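Accompanying notes for the structure given below.
The values are calculated or read from the model by the stated rules, or taken from the named source; none is laboratory data. Model, not experiment: these values are computed from the prediction. Counting neighbours? That spans all protein chains shown, and the Cβs are built from the backbone with ideal geometry, glycine included.
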Amino acid sequence: MPKLSFTRHVPYSPKQMLSLVADVESYPDFVPFCSDMQIETGENKNTTYAKMSVQFGPITQAYTSKVIVDEQANTISSDAIDGPFSHLKSTWKFEPEGEDSLIKLDIDFGFSSRLLGKIAEPIFEQKQEEILDAFMQEAKRRFA
C-alpha cells in the first residue's frame with residue numbers, strides 16, 4: 001500500500017488554497033490528465049461526490065470520490081469509492097505561515113488490478129507532482 005506525502009510553501013492564504021482545491025468542477029481546466037468532472041451533492045454542504053475522468057493517451061478511466069471540505073480545520077479529504085483503485089485516500093491540509101501557507105498533501109493508494117499496479121505505481125508519484133505543480137500554477141493565476 002504505497003503512501004506519498006508532498007509539501008509546498010505558497011504566498012497565498014490557507015482560505016485561498018482551500019477554495020482552489022475545493023473547486024473540483026474547475027479541475028478539467030487545469031489539472032493534467034483530468035478530462036471531465038461530474039459533481040453530485042453529498043449529505044451536507046461540506047460533502048461532494050466527484051466523478052473524475054482521467055485520460056492518458058487513448059486510455060480513459062473514471063472514478064468517483066467522496067470529497068469532504070472542512071473549512072474550520074482547513075482540510076479537504078477525498079476517498080475513492082469506485083474505479084481502478086483498491087483504495088485512494090488523499091488529505092490536503094493548509095496551514096498558515098504568516099500571510100502565506102504550507103500545503104501538505106498525503107495520499108494512500110493501491111490499484112485493484114495487479115497488472116495496472118505494476119504499470120502505474122512507478123509513475124504515480126511523478127504524476128502527482130505534476131498535478132500538484134498545476135495547482136500551484138492555478139493559484140498564481142487566480143490570486144497573484
When Lys51 is run through (1) closer than 17 Å to Trp92 by Cβ; (2) not in a loop (DSSP other than H, G, I, E, B), the failure sits at (1)
Can you say whether Phe33 is of a type in the set (A, V, I, L, M, F, W, C) and modelled with pLDDT under 95, as far as the supplied structure shows?
yes
Of those in the stretch 10-38 that are under 30 Å from Leu116 (Cβ atoms) and aromatic (Phe, Trp, Tyr), the residue surrounded by the most Cβ atoms within 10 Å (Cβ to Cβ) is Tyr27
Scanning the stretch 3-20 for residues that are farther than 26 Å from Gln126 by Cβ and either in contact with a strand residue (DSSP E or B) (Cβ under 7 Å, 6 or more places away or on another chain) or among the basic types (Lys, Arg) (or both) gives Ser13, Pro14, Lys15
Within the stretch 51-64, restricting to residues that are touching a Ser or Thr at 6+ places or on another chain (Cβ under 6 Å) and touching a residue at least 24 places away in the same chain (Cβ under 8 Å), the one that is surrounded by the fewest Cβ atoms within 10 Å (Cβ to Cβ) is Thr60
Picking from Ser113, Ser77, Ser86, the residue that is under 26 Å from Tyr12 (Cβ atoms), of a type outside the set (A, V, I, L, M, F, W, C) and without any contact (Cβ under 8 Å) to a residue 40 or more places away in the chain would be Ser77
Practice problem: Check the stretch 79-87 and report whether any residue there is of a type in the set (Phe, Trp, Tyr), modelled with pLDDT under 95 and surrounded by fewer than 16 Cβ atoms within 10 Å (Cβ to Cβ). | Solution: no
Answer yes or no as to whether Ala120 is under 23 Å from Pro14 (Cβ atoms), hydrophobic (A, V, I, L, M, F, W, C) and part of a helix (DSSP H, G or I). no
Out of (1) assigned to a strand (DSSP E or B); (2) over 12 Å from the mean Cα position of the chain (by Cα), the one Gln16 does not meet is (1)
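Looking at Thr41, Thr47, which one is more than 12 Å from the chain's Cα centre (by Cα), among the β-branched types (Val, Ile, Thr), within 12 Å of Ala22 (Cα to Cα) and surrounded by fewer than 16 Cβ atoms within 10 Å (Cβ to Cβ)?
Numbers: Thr41 fails: within 12 Å of Ala22 (Cα to Cα).
Answer to the check: Thr47.
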